Amino acid sequence: MGSYGMNVSNNIFSNNTANSGGAIFCYVSSPNISNNIIANNTAVMGGGIRANNNSNPTLINNTIVNNSAENGGGLYSDLTSHPVVRNTIIWGNTASTNGQQVCIPDESDPSFYFCDIQGGQSAFYLNGYSYFGNYINNLNADPLFVSPTTGADINFYGASADWSLQSPSPCIDSGDPNASYPEFDITGNNRVSVCKIDIGAYEFQKGLPLNVTFTNSESYHCVGGNNGTVTVQLSGGSGGTINYLWNTGETSPYKNITGAECML
């Protein structure tokens with residue numbers, strides 16, 4: 001792939017074999033790569049993607065999983081290439097030599113923002129070089145896919161797996177809320193469902209709005225009075241623990257709320 005400004009989106013790259021970049025090979029190019037499943041591909045360098053020779057691709061909301069290579073099971077970046085990777089899962093990839101998930105054998109410096117990368121930055125293979133890329137707000141936690149392939153190479157059919165997220169997935173609502181991202185996910189669903197953007201190619205669609213109802217027991221509050229009752233009831237939401245904090249916005253000690261109760 002030798003093009004600047006090219007868009008590569010909404011694809012499933014599965015069970016491909018190559019010398020460089022099992023799914024995508026960027027050579028002197030900087031494409032925009034978004035909303036793709038890159039699964040169970042294999043290569044010598046970069047089982048999923050290789051960025052080579054001054055290539056600076058932008059990767060947004062991709063799922064790069066269970067690929068295999070000799071070097072760089074998920075991503076291989078070399079020869080002063082500086083990919084920018086956001087909201088992307090890099091998990092379950094393998095390498096027989098170096099860099100299970102990410103291999104950076106020279107002075108290339110890819111940057112990662114709000115991604116889920118198995119092993120984290122400490123697992124990058126750097127070949128003795130220092131890493132100067134940005135590594136900001138990334139996870140190192142099992143994405144909890146619905147039904148992934150059970151192995152990492154072309155002997156497992158990545159296109160038939162379900163790479164969407166289970167409800168407890170740490171990738172839900174964990175993407176970069178301020179960056180530009182696709183309007184829809186790989187299946188055409190809204191990219192943000194209720195809360196924040198997710199990490200990966202699939203947006204979790206089962207979130208429900210959280211409704212808050214306030215009930216004041218007194219229509220009037222007398223001057224100098226310091227007692228009153230306000231009931232707050234929550235409904236909806238997607239389950240789980242809801243943390244809350246009572247705050248009147250006042251600094252006076254006479255405005256403190258005591259005996260607060262929250263009902264679900």
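Summary table
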read-out: Rounded FRET efficiency, nearest 0.05, which uses the C-beta distance separating Asn137 from Thr97 and R0 of 30 Å; value: 0.50
read-out: Full-stretch length increase - Ala123, Val194 - with 0.36 nm per residue and alpha-carbon distance subtracted; value: 22.2 nm
read-out: Inter-site label distance for Asn53 and Thr17 at 7 Å from Cα along Cβ, in nm; value: 2.5
read-out: In Hz, Karplus ³J(HN,Hα) per residue of the range 171-185 (6.51, -1.76, 1.60; θ = phi - 60°; x = Gly, Pro); value: 7, 6, 6, 10, x, 6, x, 10, 7, 6, 8, x, 5, 10, 8
read-out: Gain on full stretching of the segment that runs from Val212 to Ala179 - 0.36 nm per residue minus C-alpha separation; value: 9.0 nm
read-out: Distribution of pairwise C-alpha distances over the range 33-142, 5 Å bins, in %; value: 3, 15, 26, 30, 21, 5, 0
read-out: Coil-residue chymotrypsin sites (Phe, Trp or Tyr not before Pro) of the range 1-64, DSSP, other Cβ within 10 Å capped at 16; value: none
read-out: Theoretical gain in end-to-end length, Met6 to Asn155 [0.36 nm per residue, Cα-Cα removed]; value: 50.6 nm
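A short reminder: the numbers here are calculations on the coordinates, not readings from a lab. Values in this document were obtained by computation on a predicted structure and should not be read as measured data. A quick note on method: Cβ atoms are made from the backbone with ideal geometry, for glycine too, and the neighbour counts reach across all protein chains shown.
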